[in-house]
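The structure appears below as structure tokens.
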Amino acid sequence: MNSSPRNKHPKEYFETSESRKVHLGGGCTFWWNMGQRRALGYREGIWSSSWYARFGYKRNKTITMRFGEPDDVMRADGVIILSFEQAMQKALELCLEISKSPSAFISPQGKYRRLPEPPPRSPYLIIHALLDYHQRQVSLGKRINPDESVMRVSILPHLGHVELANLTSNDIRDWLETVLKAAPRLAARRPSNIHFVRRENNALYRDRRLGAANRCLRVLKAALQLAYENEHCESDAVWKRIKFYRRRPPKPPRYLERDEIRRLVEDCEPDLRCLVVAALLTGCRANELLKLRVADYHRSLKRIYVTDDKTMKARHVSLSQEGREFFDRVTSFRNPKEYLLLRKDGRPWIKGSYLYRLHRTCNRVNIVPVIGLHDLRRTFASHAVMGGVPIPVVSKQLGHAKLETTERSYLHLSQTYMDDIFSEKMPSLISGEPVWHLELE
């Protein structure tokens, strides 16, 4: 077992749901060393948490297996939902099985683990359309990893061999039914990680499967439309007949109220506090904040110059009086070429390095569910609009090309603010005596 800080947790942290919530929250996997290179792991998730067993063999090689869910919310049943004692016993049994033949527990590379080499392009198959779409997205600098996973896992095994000229709407409908019935996959960075997914029969599970089917259909339609534009087929009516599944309206994204902001900022460690405050006062994306240099803050103009990897554009970010005072303080007497936001050891932040500490802070101050830096971006936008900043100004500050993006995803008005606006601005609709003095019968 390595000596990572996440392996140095006592047994008491794992025994009860209350202690796990206090000590082991934040979306990271925490391990308790059971000796003889065996360990029991716990990971808090958004939808459900997990128990893990880990066994080490040879030199620095491990096999990790997810085998159940903790009794954080539901009572333990001894099969899927396990208490600490049951999870410890199950982990010992799994480690014993793995020790007999570790190679039997290493998942082989799947047939479509990576996108395959295309067959001859005559006849033109669905796989050719997908690979052409993939190549076009890469050439445009688009983020292709999620679409590539959808192609590899959900489309190619079922439709990759079909000729585009012979594709029918029924073929697409049958494929969508297969996607809906398939169990969801848990992503694993290493092929040796073995996971299982529990099927459920409730509205939330079905809605999530409909969302997965819609994502797969979106990728397929985009690839087929590109093939049609490149004159590989005569008509696009086959896939245009297929409509996306209707889902329940999503819950509004998370944003923080003022008291939550105060609790979060006060409890953060100094280096993390600078990162959180910078996100709250600018509304910048995480990758924009992590790349900021001291010279990017123009002290005379009281603005920040940021470069956006998402839209490949640069822009100036205006600051409030509070933001100017903050950046004046953090940039004083510093090297202009230095990174603006640094960790306590003097190194720059890297992608994801702040999440573990931010989630732990959220658990300590009772901010549930835990948040990320993008939720602070939403918080900035919502409070700016509620403070009277016009929506087009907020949209330009966030770097959005369309005003609809800002209105749909980033503006969340509190009910108290709406009550105040209506009580102050709503005109009287009935002239004369008040309504309650009129006869209603």
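Just so you know, in the stretch 161-176 the residues that are open to solvent by 90 Å² or more (accessible area, probe 1.4 Å) and assigned to a helix (DSSP H, G or I) include one that is nearest to residue 217 (Cα to Cα), and it is 173.
Can you confirm whether residue 129 is more than 28 Å from the chain's Cα centre (by Cα), among the small types (Gly, Ala, Ser), modelled with pLDDT of 85 or more and on the phi < 0 side of the Ramachandran plot? Please lay out each step first, then the result.
Values: more than 28 Å from the chain's Cα centre (by Cα): yes; among the small types (Gly, Ala, Ser): yes; modelled with pLDDT of 85 or more: yes; on the phi < 0 side of the Ramachandran plot: yes.
So residue 129 fits the description; yes.
The residue that is surrounded by the fewest Cβ atoms within 10 Å (Cβ to Cβ), among those in the stretch 364-391 that are closer than 21 Å to residue 22 by Cα and over 18 Å from the mean Cα position of the chain (by Cα), is 366.
Among the residues that make up the stretch 276-290, is at least one of them of a type in the set (Ser, Thr, Tyr) and open to solvent by less than 50 Å² (accessible area, probe 1.4 Å)? Steps first, answer last, please.
Quick first cut of the stretch 276-290, residues of a type in the set (Ser, Thr, Tyr) only: 282.
Now drop any that are not open to solvent by less than 50 Å² (accessible area, probe 1.4 Å), which leaves 282.
Yes: one or more hits.
Report whether or not residue 353 is over 19 Å from the mean Cα position of the chain (by Cα) and at pLDDT below 85. Break it down into steps so the answer makes sense when it comes.
Numbers: over 19 Å from the mean Cα position of the chain (by Cα): no; at pLDDT below 85: yes.
Criteria not met by residue 353.
Just give me the residues in the stretch 115-154 being polar (S, T, N, Q) and part of a helix (DSSP H, G or I), in sequence order. Result: 135, 137, 139, 145, 149, 154. Taking (1) at pLDDT 90 or above; (2) within 28 Å of the chain's Cα centre (by Cα); (3) open to solvent by less than 30 Å² (accessible area, probe 1.4 Å) in turn, residue 218 satisfies each apart from (3).
Looking across 299, 303, one residue alone is in contact with a Ser or Thr (Cβ under 9 Å, 6 or more places away or on another chain) and crowded, with 18+ Cβ neighbours inside 10 Å. It is 303. Taking first residues from the stretch 77-94 that are modelled with pLDDT under 90 and partners that are among the hydrophobic types (A, V, I, L, M, F, W, C) and open to solvent by 80 Å² or more (accessible area, probe 1.4 Å), the Cβ contacts under 6 Å between residues at least 6 apart in sequence or on separate chains come to 81/74. Within the stretch 35-66, being open to solvent by 20 Å² or more (accessible area, probe 1.4 Å), more than 23 Å from residue 22 (Cα to Cα) and not charged (D, E, K, R) holds for 35, 36, 55, 57, 60, 62, 64, 65.
Taking each residue of the stretch 283-298 that is within 19 Å of residue 354 (Cβ to Cβ) and looking for partners that are basic (Lys, Arg) and crowded, with 20+ Cβ neighbours inside 10 Å with beta-carbon atoms closer than 8 Å, six or more apart or interchain, yields 283/377; 284/377; 285/377. Scanning the stretch 43-58 finds one or more residues that are among the polar types (S, T, N, Q), part of a strand (DSSP E or B) and touching a Gly at 6+ places or on another chain (Cβ under 8 Å).
The criterion of at least 2 residues that are of a type in the set (A, V, I, L, M) is met by the following helices (runs of 4 or more DSSP H) wholly inside the stretch 337-412: 355-364, 373-386, 391-398.
Give the residue, chosen from 25, 45, 35, that is on the phi > 0 side of the Ramachandran plot and either at pLDDT below 90 or in contact with a Leu (Cβ under 8 Å, 6 or more places away or on another chain) (or both).
On the way: 25 fails: on the phi > 0 side of the Ramachandran plot; 45 fails: on the phi > 0 side of the Ramachandran plot.
It is 35.
Residues satisfying the criterion are present in the stretch 57-64 (criterion: in contact with a Pro (Cβ under 9 Å, 6 or more places away or on another chain) and among the β-branched types (Val, Ile, Thr)). Looking across the stretch 9-24, just one residue is part of a loop (DSSP other than H, G, I, E, B) and crowded, with 21+ Cβ neighbours inside 10 Å, and that is 24. Considering the stretch 282-339 alone, what residues qualify as being aliphatic (A, V, I, L, M), more than 22 Å from the chain's Cα centre (by Cα) and within 30 Å of residue 402 (Cβ to Cβ)? If the condition is that a residue be aliphatic (A, V, I, L, M), more than 22 Å from the chain's Cα centre (by Cα) and within 30 Å of residue 402 (Cβ to Cβ), then 292, 301, 304, 306, 314, 317, 319 are the ones that fit.
The values are calculated or read from the model by the stated rules, or taken from the named source; none is laboratory data. None of the values given here were measured: they were computed from a predicted structure. FYI the Cβ positions are ideal-geometry reconstructions off the backbone, even for glycines, and counts take in every protein chain you see. When the accessible area is computed, the model is the full protein with side chains, heavy atoms only, and any ligands, DNA or RNA have been set aside. Shrake-Rupley method; radii C 1.70, N 1.55, O 1.52, S 1.80 Å.
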